[in-house]
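Notes for the one structure printed next.
The values are calculated or read from the model by the stated rules, or taken from the named source; none is laboratory data. Since the model is a prediction, treat every value here as computed from it, not as a measurement. Cβ atoms come from the backbone with ideal geometry, glycine included; neighbour counts cover every protein chain shown. Side chains included, ligands, DNA and RNA excluded: accessible areas come from the protein's heavy atoms. Shrake-Rupley method; radii C 1.70, N 1.55, O 1.52, S 1.80 Å.
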Amino acid sequence: MSETAAPPVSKAAADGQAVNPLRAGLESDRITDPCTMVFFGASGDLFKRMLLPALYNLRLTDILPSGFAIVGYSRTKFTDQEFRDYCKQSVDQFSRSGPAKEPMWSDFADRISYITGEFTDTSDYNQLKTKVAENDDKFGTKGNVLFYLSTPPQVFPTIIREIKSFGLDPKSNTKGWTRIIIEKPFGTDLDSARSLQAEVEKVFDESQVYRIDHYLGKEPVQDIMALRFANMIFEPIWNRRYIDGVQITAAETLGVEQRGGYYDHAGALRDMIQNHVMNLLALVAMEPPASADADAIRNEKYKVLSAVRPFGTEDVAQRSARGQYGPGVIDGQAVVGYRQEQDVAPDSNTETYAAVKLYVDNWRWAGIPFYLRSGKRLARKVSEIAVRFAPIPQRLFGERTDEIEPNVLVMKIQPDEGVTLRFNAKVPGPKNHIRGVNMDFNYGTGFGIESAPAYERLIGDAIRGDATLFTRWDAVQRAWEIVMPVLDVWLNTKDSTFPNYAAGSQGPPTSDHLLGVDGHAWRRI
Ligand code: BG6
């Protein structure tokens, strides 16, 4: 007889409901610390669409304890009540759990307040200081304060300085912790990222800084480490002997929408590759960490980036490709080209598609190409990592015309969330025909649970003090160092072929050479 203790009975089982066996016996999610959260830029789009619905759902699922308060701080004029109404609209419209529910909403709304304030040269921060102290008395937030910067990045340094000059910094807080979440972009190039970091360091210790990269909050991105390090079968073949190339794709069908003003000064390399895609590279190529501790993991991620072979100006052309979309068709609808978008220069040289070929020069990966690409207005929205294995050493099976495909393991991040393994199988029948087939796992149907949006997970983690899914300064800096030579060449040379791909297509054909020379081809988007 087995001596293993029976797993604890879940509430669903006790209530007589069917329990998904994959979720039986799981402990509930960890509760966060009490705190006041201050959102700079609270009248902006991110707060309305993502941050406030995430907070509401954290409370609804009991991850946020009752000892919390939310303070919005922005230039737009709102009274407390107007801001609460605005927040309610945001929940009604964007919450994953549907419109705000009573009595939860009223209790939640009581903890929301608003300060109409300037960011610079102002005593409005005095009001904020008073509000944080009041919240502490009224809601029992234990002196803990979480700042969230979701303003335009130009004002990040000012806000950080003012936090200190008004005594809201961690050193002045003798009662609890003070942390800061900083939205991307962290700088617009290496120099500006370093200047921002210099300001951050004057006020916050690295352990108090949470640089957000929302890709890291996506469940399938967290699953990359679980797949690699909670299984025995992948690790022995996860190296240059068995893998001959890795493709990382973050493709979107959206154009620049209302963000032309920002995007025309950013471009795909800065907007996606330097942060989201580089984080995926680090997760797929890292060594097993010594523990699951945030810094043990982030040390290994940094080591990958530090082993990436630098670009020389001369090899930018061979190892990178850029594109810009022209008019085309997305989901059956005609759409305009990038240069016709709102707030975009009619002769813009900004890339809406970027691809780079990187090498991680270490023992595990020497000589193996990592192809990274991201673009807007492509054929399909898809983010995935495809690991292609080496060809078989000797062909035994398959009729003459059969192609023996390489094995491919695809980690699907969105819109499908799952893992697919492509392998070869014999077609039933007397002949020896071989065909590639798929073995699929889908997280949603497998576990019978919907993944929480990335911001929900990340805000919860910051309140708990878990920095695993946030980017450390050394990695941000290194990612900028990697892309800078490409950025410099692209900024200084006008691409006369732009626009060079139609909206709704696979991207610019000029990016095919990156892989063609290695005998690889882009996966179809
Ligand atoms: C953001 C970029 O960081 O990520 C946007 O600034 C992009 O341009 C977005 O559209 C993509 O995120 P997601 O979660 O839709 O893949």
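Tell me, what is the per residue accessible area of the chain in Å², probe radius 1.4 Å?
Ligands and nucleic acids excluded, the figure is 46 Å² per residue.
Under the rule a/c < 1.5 gives rounded, and otherwise a/b versus b/c splits prolate from oblate, where does region 295-378 land using the Cα gyration tensor? Taking the square roots of the gyration eigenvalues as a ≥ b ≥ c, region 295-378 is prolate. Only helical runs count toward this figure. For the chain, summing -39,500 (n - 2.57) over DSSP H runs of n ≥ 4 and dividing by all residues gives -8500 deg cm²/dmol at 222 nm.
Modelled spin-label separation between residue 104 and residue 265, with each label point placed 7 Å from Cα along the Cα-to-Cβ direction: 4.0 nm. Here the gap between residue 343 and residue 292, fully extended at 0.36 nm per residue and compared with their Cα-Cα distance, gives a gain of 13.9 nm.
Dipole orientation for region 326-395: of the candidates 391, 346, 369, 391 has the Cα lying most toward the positive pole (charges on Cβ; Lys, Arg +1; Asp, Glu -1). A P(r) calculated from all alpha carbon pairs of region 140-253, with 5 Å bins opening at zero, reads 2, 9, 15, 16, 12, 11, 11, 10, 7, 4, 2, 0 percent. Other residues lying with their Cβ under 14 Å from the Cβ of residue 440 contribute a combined charge of -1, Lys and Arg counting +1, Asp and Glu -1. About its Cα centre, region 118-256 has a charge dipole of approximately 400 debye under the convention of +1 per Lys or Arg Cβ and -1 per Asp or Glu Cβ, with nothing else charged. For the peptides 173-181, 497-505, the ranking by packing is 497-505, 173-181, with the highest mean count of neighbouring Cβ atoms within 10 Å listed first. Free of any GluC sites (Glu not before Pro) that DSSP assigns to a loop and that have at most 16 other C-beta atoms within 10 Å, the longest stretch within the chain is 258-398. Applying 1/(1 + (r/R0)^6) with R0 = 56 Å to the Cβ-Cβ distance of residue 171 and residue 62 gives a FRET efficiency near 0.95. On full extension, the segment bounded by residue 381 and residue 235 gains 49.6 nm, given 0.36 nm per residue less the C-alpha separation. Estimated translational diffusion coefficient (Stokes-Einstein, Kirkwood radius over Cα pairs, 4 °C, 1.567 mPa s) of the chain: 51 µm² per second.
How much FRET efficiency would the formula 1/(1 + (r/R0)^6) give for residue 154 and residue 396, where r is the Cβ-Cβ distance and R0 is 60 Å, rounded to 0.05? Efficiency, rounded to the nearest 0.05: 0.45. Between residue 127 and residue 366, the contour length at 0.36 nm per residue exceeds the alpha carbon distance by 80.4 nm. Carbon and sulfur together cover what percent of the accessible area of the chain at a 1.4 Å probe radius? Whole-percent figure for carbon plus sulfur exposure: 53.
List the chymotrypsin sites (Phe, Trp or Tyr not before Pro) within region 201-294 that fall in a DSSP loop (any state other than H, G, I, E or B) and whose Cβ has at most 16 other Cβ atoms within 10 Å.
The qualifying sites are 234, 242.
Summing charges over all other residues whose Cβ lies under 12 Å from the Cβ of residue 484, with Lys and Arg as +1 and Asp and Glu as -1, gives -1. A protection proxy built from the mean count of other Cβ atoms within 10 Å ranks the segments 147-153, 67-73, most packed first, as 67-73, 147-153. Between region 78-93 and region 342-410, the C-alpha centres lie 44 angstrom from each other. Site pair residue 512 and residue 438 shows an inter-label distance of 2.4 nm when each label is modelled 7 Å from Cα along Cα→Cβ.
Spin-label model, residue 257 to residue 524: label points 7 Å out along the Cα-to-beta-carbon direction sit 2.9 nm apart. Angle, helix 219-229 long axis vs. longest principal axis of the chain, Cα atoms, 0 to 90°, nearest 10? In the chain, helix 219-229 runs at an angle near 60 degrees to the longest axis. Count Lys and Arg as plus one, Asp and Glu as minus one, and take only other residues whose Cβ is under 10 Å from that of residue 503; the net charge is then +2.
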